[in-house]
Amino acid sequence: MEQTGTTTRENLMRAFAGECQAQTRYLLAARAASQQQQAVLRQVFELTAKQELIHAELLAKRLSACGVTELRFGADFPPAPAGDLCRMLQESEQAERREADTVYPAFAETAAKEGFAEEAALFRALAEIERSHAERFGLFSGLMQNGQLFCSGEQTVWLCMNCGHLHTGSEPPQSCPVCGAAQGFAVRRVLAPFTDAAD
């Protein structure tokens, strides 16, 4: 179905621009986390940036399929915050929630009304993924705000993301006793991206 002049075409372009911008923001945040020796937060931002790149690729394919060769859109995105990791997590959570709860559902509804079932399905799928991004950012933001990023208040298994050392305690050591990595490499094992088969 021809998309020229439709709101869905504009929304695809806006979504593509938004995903590209989000990827850049998260890569900048990952760099800041790395500079502050917060390796786990760096990985959270890098994982999300990689997923946003995939979203942009999916949107680019839809744009290409409908013959778009030039993107035109307004740059109405906020600049990336610098330095404050807690603020970066909070703002990232808010941005992802806005996409999940408002932007992509509206895009999906418009696409369905205009007769673009594939685009509507993609927008709905992206909304669900962005919701999971918001939850991820919210989890780590909450831990930071409550002073619990490295303090659980109970016996917890901590994983060194650098060498894999496991430490049991209410908080991880200041540096890993095996590889010497900073505390910023420690994460609750239940929040680690990989666990062993026994879990």
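Every read-out reported here was derived from the displayed coordinates using simple, explicitly stated rules and does not represent laboratory data. What you are looking at is a predicted structure, and each value in this text was computed from that prediction instead of being measured. FYI the Cβ positions are ideal-geometry reconstructions off the backbone, even for glycines, and counts take in every protein chain you see.
Taking a sphere under 9 Å around the Cβ of A95 and counting the other residues whose Cβ falls inside, with K and R at +1 and D and E at -1, yields a net charge of -2. Charge dipole of region 1-54 (Cα centre as origin; +1 on each Lys and Arg Cβ, -1 on each Asp and Glu Cβ, all else neutral): 220 debye, rounded to the nearest 20.
Using the rule -39500 (n - 2.57) for each DSSP H run of four or more residues, divided by the residues of the chain, the 222 nm mean residue ellipticity is -19000 deg cm²/dmol. For T156, the residues whose amide H sits under 5 Å from its own are G169, S170, ignoring neighbours fewer than 5 places away on the same chain, with H placed 1.01 Å from N. Each residue of region 141-154 was assigned a 3J(HN,Hα) from its phi angle through the Karplus curve 6.51 cos²θ - 1.76 cosθ + 1.60 (θ = phi - 60°); the sequence is 4, x, 4, 5, 4, 8, x, 10, 4, 10, 8, 9, x, 8 Hz, with glycine and proline shown as x.
Using every pair of separate Cα atoms, the Kirkwood estimate puts the hydrodynamic radius of the chain at 18.4 angstrom. The phi-based Karplus calculation (6.51 cos²θ - 1.76 cosθ + 1.60; θ = phi - 60°) puts the 3J(HN,Hα) values of region 169-174 at x, 6, 8, x, x, 4 Hz, whole numbers, x for Gly and Pro.
Compared with the alpha-carbon gap, the fully stretched path from R131 to Q35 is longer by 31.8 nm at 0.36 nm per residue. What FRET efficiency do you get for V178 and D101 if R0 is 45 Å and r is their Cβ-Cβ distance, rounded to the nearest 0.05? E between V178 and D101, to the nearest 0.05, is 0.55. Picking from H133, H167, H55, which is most flexible by a Gaussian network model of the chain using Cα springs under 10 Å? Most flexible of the set in this elastic network: H167. Secondary structure note: in the chain, about 100% of the DSSP beta bridges are antiparallel.
Compared with the dominant principal axis of the Cα atoms in the chain, helix 7-35 is inclined by about 20°.
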